[in-house]
Amino acid sequence: MQITDARVIVTCPGRNFVTLKILTEDGVYGLGDATLNGRELAVASYLNDHVIPLIIGRDARRIEDLWQYLYKGAYWRRGPVTMSAIAAVDTALWDIKGKVANLPVYQLLGGASREGVMVYGHANGTDVEDAVKSVAHYLDLGYKAIRVQSGVPGLSSTYGVGRGTMPYEPAEKGAAPENRWSTEAYLNFVPKLFARMRSEFGDEIHLLHDVHHRLTPIEAARAGRSLEPYHLFWLEDPTPGELQQGFRLIRQHTVTPLAVGEVFNTIFDCQQLIQEQLIDYIRTTVVHAGGISHLRKIAALAELHQVRTGSHGATDLSPVCMAAALHFDLSVHNFGVQEYMRHTDETDAVFPHEYGFQDGFMYPGDAPGLGVDIDEDLAAVYAYDPAFLPVNRTLDGTMHSW
Ligand code: EZ4
Ligand code: CO
């Protein structure tokens, strides 16, 4: 079953998405998400200039072989651009395999390990009371797990907080906006935020929080310890993950569960964190970590070490990635939770899909393949519009993690 054609579709229905569509001689096609927020065209070029010419004429059924061909064949290993491009091919081929077999992809991955996929929503507020209202809103919608982010007193803008009625969106038009950061202000504030949440909402709801790589290991240890009374589901990216051994220090001081991995691209980026049990949840994603095939290998390593999955799922990952994530989540034994930010109606119209949300859980649906499509005519209406992730500086102007 030969691959006869492939094309990259770049569209901006409110935000930028890159999608790979692979077509076969049988007329069956598959989709893969290739979106790398803020660096989208690098992946589009990688696919158009360096991958598509290599895959035309190859057998669409040989998913693992084609993965290895693109990974080993590049000679240059890993990295977000390469791994997003490989992920797009891998995801599209799983979609094709499902359509040919007339089965939803989760059935090809071993079938459902659970009835539904628990997701967490993003509550946020400019201050604590604003965040309380936002959490109440997510509870009304039926969420069982909620991430809470808030503005920090004394800091003009902080990661994870939306503006006005807009949902928080991690990319902005024009030049990258700059946030200001104070570790002291944050560390003093964050236990108060969660003390208020527990006093308002009780012990049952799962609460999560994202530090977004902004602390050193010992500062992260303090944050984790100070949050123990509020028993978070997880504390995310407490310190930049490149320094994997840095997590040993955090682990010596706190039992707050840790989640890491949204910026990782391969199993090699997280093998020490997993093998030394330095984290509790691995957040690698279909689109940025080599597709469904590679994510299954990461999950298998994690299963051995009692680490569960908690894939990244912000709105800068397209509905194609969301669909793929849900098939993976439903099937993999050591699933933990899935991040979910609703896409805009414009985005949903470009990417019609079978998956849905009900009472805190999501379901991939039973359509053959991934159960997601792209309306190419509508996609063409929304031209690419460059946007950049914000950056962050400490109060004295030093560049810091955002
Ligand atoms: O900042 O996806 O947990 N979610 C996150 C996201 C990331 C964005 C970056 O593009 O950290 O909001
Ligand atoms: Co995050």
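The values are calculated or read from the model by the stated rules, or taken from the named source; none is laboratory data. These figures come from a predicted structure and were not determined experimentally. Counting neighbours? That spans all protein chains shown, and the Cβs are built from the backbone with ideal geometry, glycine included. Protein only, heavy atoms only, side chains kept; ligands, DNA and RNA dropped before computing areas. Shrake-Rupley method; radii C 1.70, N 1.55, O 1.52, S 1.80 Å.
Numerical summary
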read-out: Label-point gap, in nm, between F388 and R7 - each point 7 angstrom along Cα→Cβ; value: 3.2
read-out: Cα gyration tensor category, rounded, prolate or oblate, for the chain with a/c compared to 1.5; value: prolate
read-out: DSSP-defined antiparallel bridges as percent of all bridges, the chain, nearest 5; value: 50
read-out: Among P352, P80, P238: highest mean-square fluctuation, GNM of the chain, C-alpha pairs under 10 Å; value: P352
read-out: Average accessible area per residue (Å²) across the range 220-348 - probe 1.4 Å, nucleic acids and ligands excluded; value: 31
read-out: Residue among F335, F268, F233 with the largest mean-square fluctuation in a Gaussian network model of the chain, springs linking Cα atoms under 10 Å; value: F268
read-out: Low-density loop positions, GluC sites (Glu not before Pro), the range 334-402 - DSSP coil, at most 16 other Cβ in 10 Å; value: none
read-out: Å² per residue, accessible surface of the range 1-98 at 1.4 Å; value: 39
read-out: Computed [θ] at 222 nm, deg cm²/dmol, the chain (DSSP H ≥ 4; -39,500 (n - 2.57); rounded to nearest 500); value: -10500 deg cm²/dmol
read-out: Within a Gaussian network of the chain (alpha carbon springs, distance under 10 Å), most fluctuating of T309, T239, T344; value: T344
read-out: Packing rank of 203-210, 99-106, where each peptide gets the mean count of other beta carbons within 10 Å, highest leading; value: 99-106, 203-210
read-out: Highest to lowest packing among 62-71, 219-228, scored as the average C-beta count within 10 Å; value: 219-228, 62-71
read-out: Global geometry of the range 1-130, whether rounded, prolate or oblate, following the gyration tensor of its Cα atoms and the 1.5 cut on a/c; value: oblate
read-out: The chain, accessible surface, carbon-and-sulfur percent (1.4 angstrom probe); value: 52
read-out: Rounded if a/c under 1.5, otherwise prolate or oblate - the range 285-402, Cα gyration tensor axes; value: oblate
